[in-house]
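Here the structure comes first, spelled out in structure tokens, and everything after it is commentary.
The values are calculated or read from the model by the stated rules, or taken from the named source; none is laboratory data. Just so you know, these numbers come straight off a predicted model, no measurement behind them. A quick note on method: Cβ atoms are made from the backbone with ideal geometry, for glycine too, and the neighbour counts reach across all protein chains shown. The area values use the complete protein model at the heavy-atom level, side chains included, leaving out ligands, DNA and RNA. Shrake-Rupley method; radii C 1.70, N 1.55, O 1.52, S 1.80 Å.
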Amino acid sequence: MSRESSLLSALRTQISAPAEAHAWPFVATGSSVADARLGGGLARGALHELYAEEGHHAGAAGFALLVSLCGDAAKPLIWVREDKGERGDGRLHAPGLAELGADPARIILVTGRDALSVLRAAAEIVGCGAVGAVVIEPWGKAPALDLTASRRLALAAARSGVLTLVLRAGATPSPSAATTRWRVGAAPSGPLAANAPGRPTFDISLLRHRSGIAGFDARVEWDRDARSFRDAAPHRVDVGTPLPGRVFAPAAVRTVAEFGRRAA
Amino acid sequence: MRSSGGAPPDLPFALVETVRGGIRLAAVDARAQALGIVPGLTLADARARVPELASIEHRPGDDAALLDWLADACDRYSPSVACHPPQGLVLDITGCEHPYGGEAGLRDDLAGRLARRGLTARLACAATPDAALALACHATADIGALPVAALSVDGDTHQALRRAGLRTIGDLAARPRGPLAARFGEALPVLLARLLGEADPRIVPRRQPPAVQVEARFAEPVARTGFVLDTLDRLVGEAAVRLGEQGCGGRRFEAALFRSDGQVARLAVETGAPARDPAILARLFRERIDGLADPLDPGFGYDLIRLAVPVIEPLGVQQLRLDGGAVADAELAGLIDRLATRLGRTRVRRLHAGDSHIPEQAAFELPVGDPAPPSAWPPLEPGEPPLRPLHLFDTPQRIEVLAEVPDGPPRRFRWRRVQHDVIRSEGPERIAAQWWRRRDGKGLTRDYYRVEDARGRRFWLFRHGLYETEKADPDWYVHGLFA
């Protein structure tokens, strides 16, 4: 009897749930802090906004790429960029993508002339279930990406199950239909031998969470070999080390011959 | 064929060009001709005779453009149209005349359209292109009555023919060919045969006739875009049936919308794989029309819509896999086609490995679907951080650097007006120019450093030139950004 009633209630909730709330699996990031707070990871088939910290565009772009790598490895990743971004922020460098653990053959790059064509292309891509993840990168403030546009993307993502990441740099958060909103920046890495920069490390903070509690910060590190994030070990950051007393500027170094010429 | 566009309405006019420092008439209109003005006269002489003569500068480029435009418009009559510069068009209308009720009907239709555009033209139909051109040039309907000048022979032969008393083609046709060839050269009988229709030469059309072509003609021009789209959908369906019969799919589909005033709008869509699914193709055409920078201007309406499939490839019947794999592939291919149609092929790209140690040549992008050599990426060492940046600048950006020693790692640098203090660095990774560029001293060695600033941002910097051996005062650049 109790089994029957529980089955009935389960069916009732299933029927009453809105059609768009399809149960797509989560994309586990691997960071225990973030996954616990998100209830298992980033929701696939939902829109996630990544706002780059000022001057941390490359860090945020790297985080977007790596999050998409945590998802379905067999399906392609489509990266939609604007021409201005290609010029201003640099091109995606295939060897660099490969060294982060991505397969460049799986990545399709789409460039749009302006924010509007980027959004139109993005709407087309997000609606296609054969795509694993899409990174949408309008350049600058991009007022075309308003509440309506983001709602449209979110609905299309909910239908197709595509992990949709909107990467914003140089923009202030505005109302949107995103499921989560993050602020992402690069963080000092754990040094390797001879004080060499280590694994890619990011500071992420969850600014907004549609179906949960927002407001936590985490520092995560990318483990390329495991293709997943992990919590970064806290390590000492010696910010503001005073420079040693004598510093040569290469521009200031002149050869003797040059001084001789000047004197003559 | 002469355009009266831009000329004063009822004054005689001439086109003038500068020849050897003098302004001479290149062409004159009928009114001027009636007044005794002929091409080749200087403008001053012509003005002395007819003071009100209007003159317009002769631009041969405009003539060629007009001829091209006319040839485009003539595509409605026949798929094979050839230009005969400077002022001729040849249409192969074999089998194309029945919609107009025969040759005369087609000719009337063409004459009417040209007259409506304010163009005067001489039209002639004949069995061979050479004969048609000759008849049109000399404004006659009888090949025998054509002067020998109708044969495109050189001046000497022409002179010789006149001296021999042979004035018309009829005179020549009556004579045996052997002696003609012996006396006037081998070329003459060949040209004569082509003129008389004994040989069957072909024209070289401007466009290759497509493998599959379907069209819809309207008694009244249609102007509604919705109707145009519906017609396209119907044509796509017909073309799909024809392709299916041949077991082929199209790679390129071209729609030509012929406006009743002669303007032709052409829309083309390409697919990454052979396709003949009407729904997909119709959607691509809608994408294409939506993506137009200038929307379609129907003017007074289209009276002919044609769909051509110039590139076809074999396409068997697709069998679906049980796990839906083929469906997913087709879905992705369809998405890429739609994006390429909307944005342009070159805007949807894949990344490939370039065979070079120079960072900016280590990878390249190609439109999806273009054949490329298989890419081999270097194997990854476990535990190593990434050694190549995620973003690479096309042009390395100059920075001001402070280093402890001139050939040491940077300690502080300024990029885009922001100061960065370096707290971790690794390097140098020395990347030399190719040996053939090293010899002339233009290809300098680059010393790359991976550096991290106090806020965790990671950069790829290089010093351009070895300190003191290659350059006294090497510059620094930022070439890429790490994640």
Taking amide H positions as placed 1.01 Å from N in the peptide plane, with prolines and chain starts having none, which residues 5 or more places from B:T128, or on another chain, fall under 5 Å of its amide H? none
Estimated 222 nm signal from helices in chain B, with DSSP H stretches of n ≥ 4 weighted -39500 (n - 2.57), rounded to 500: -9000 deg cm²/dmol
So how compact is the stretch B:124-209: Cα radius of gyration and Dmax in angstrom? 13.2, 45
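Is the stretch B:231-327 rounded, prolate or oblate when judged by the Cα gyration tensor, a ≥ b ≥ c being the square roots of its eigenvalues, rounded requiring a/c under 1.5 and prolate requiring a/b larger than b/c?
It is prolate, given that a/c is not under 1.5 and a/b is the larger ratio.
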Report the local net charge at B:A256: Lys and Arg +1, Asp and Glu -1, summed over other residues whose C-beta lies under 9 Å from its C-beta. -1
How high is the FRET efficiency between B:V204 and B:L11 when r is their beta carbon distance and R₀ equals 25 Å, given to the nearest 0.05? 0.05
How many square angstrom of accessible surface are buried between B and A, both sides summed, with a 1.4 Å probe and rounding to 100? 6200
In Hz, Karplus ³J(HN,Hα) per residue of the stretch A:150-157 (6.51, -1.76, 1.60; θ = phi - 60°; x = Gly, Pro): 5, 5, 4, 5, 5, 5, 5, 5
Once you average over the residues of B:470-478, how many Cβ atoms of partner chains fall within 10 Å of each Cβ? 2
So, R0 is 30 Å and r is the distance between the beta-carbons of B:E215 and B:I56; what FRET efficiency does that work out to, to 0.05? 0.20
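Could you tell me the relative contact order of the stretch A:20-236? Use alpha-carbon pairs under 8 Å, at least six residues apart, and round to a whole percent.
Answer for the stretch A:20-236 is 27 percent.
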To check you understand DSSP bridge types, tell me what percent of the beta bridges within the protein assembly as shown (both residues inside) are antiparallel, rounded to 5. 75
Amide H contacts of B:I312 (H built 1.01 Å from N, under 5 Å, at least 5 apart or other chain): B:R251
Where does the protein assembly as shown land on Rg/Rh, using Cα atoms and the Kirkwood Rh? 1.12
Of A:R113, B:R349, B:R163, which has the most accessible area with a 1.4 Å probe, and how do the rest follow in descending order? B:R163, A:R113, B:R349
Heads up, I need the accessible area for B:R194: 1.4 angstrom probe, whole protein in place, Å², nearest 10. 80
Can you work out the Karplus-derived ³J(HN,Hα) for every residue in the stretch B:102-108? Use 6.51 cos²θ - 1.76 cosθ + 1.60 with θ = phi - 60°, whole Hz, and x for glycine or proline. x, 4, 5, x, 4, 5, 5
Accessible-area order (highest first, 1.4 angstrom probe) of the listed residues B:H464, B:H98: B:H98, B:H464
For the stretch A:159-165, take each phi angle, set θ = phi - 60°, evaluate the Karplus expression 6.51 cos²θ - 1.76 cosθ + 1.60, and give the result in whole Hz per residue in order, putting x for glycine and proline. 6, 9, x, 7, 6, 10, 10
Find out how many positive minus negative residues lie around B:R345, taking Lys and Arg as positive, Asp and Glu as negative, among other residues whose Cβ is under 14 Å from that of B:R345. +3
Using 0.36 nm per residue of separation minus the Cα-Cα distance, give me the extension gain between B:R438 and B:R175 in nm, one decimal. 87.2 nm
Rough spin-label spacing in nm, given labels placed 7 Å along Cα→Cβ, for B:R31 and A:S5: 10.3
Of all DSSP beta bridges having both residues in chain B, the percent classed as antiparallel (nearest 5) is 95
The stretch A:20-236: C-alpha gyration tensor shape, a/c 1.5 cut-off, then a/b vs b/c: rounded
For A:A187, other-chain or 5+-apart residues with amide H closer than 5 Å (H placed, Pro excluded) are A:T201, A:F202, A:D203
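Net charge within 14 Å of A:F216 by Cβ-Cβ distance, Lys/Arg positive one each and Asp/Glu negative one each, not counting A:F216 itself?
+1
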In peptide B:223-236, what is the residue-averaged number of other protein chain Cβ atoms found within 10 Å of each Cβ? 0
Which of rounded, prolate or oblate describes the stretch B:193-260 when judged by the alpha-carbon gyration tensor and an a/c cut-off of 1.5? oblate
With each pseudo-label sitting 7 Å past Cα toward Cβ, what's the B:Q397-B:E468 distance in nm, one decimal? 3.3
Could you rank B:V222, A:V126 by how accessible they are, 1.4 Å probe, largest area first? B:V222, A:V126
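Would you work out what percent of the accessible area of the protein assembly as shown, with all protein chains in place, is carbon or sulfur (probe 1.4 Å)?
Carbon-and-sulfur percentage of accessible area, whole number: 54.
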Förster-model FRET efficiency, 51 Å R0, B:D45 and B:D370, C-beta, rounded to 0.05: 0.25
With every protein chain in place, what's the accessible area of A:F26 (1.4 Å probe, Å², nearest 10)? 110
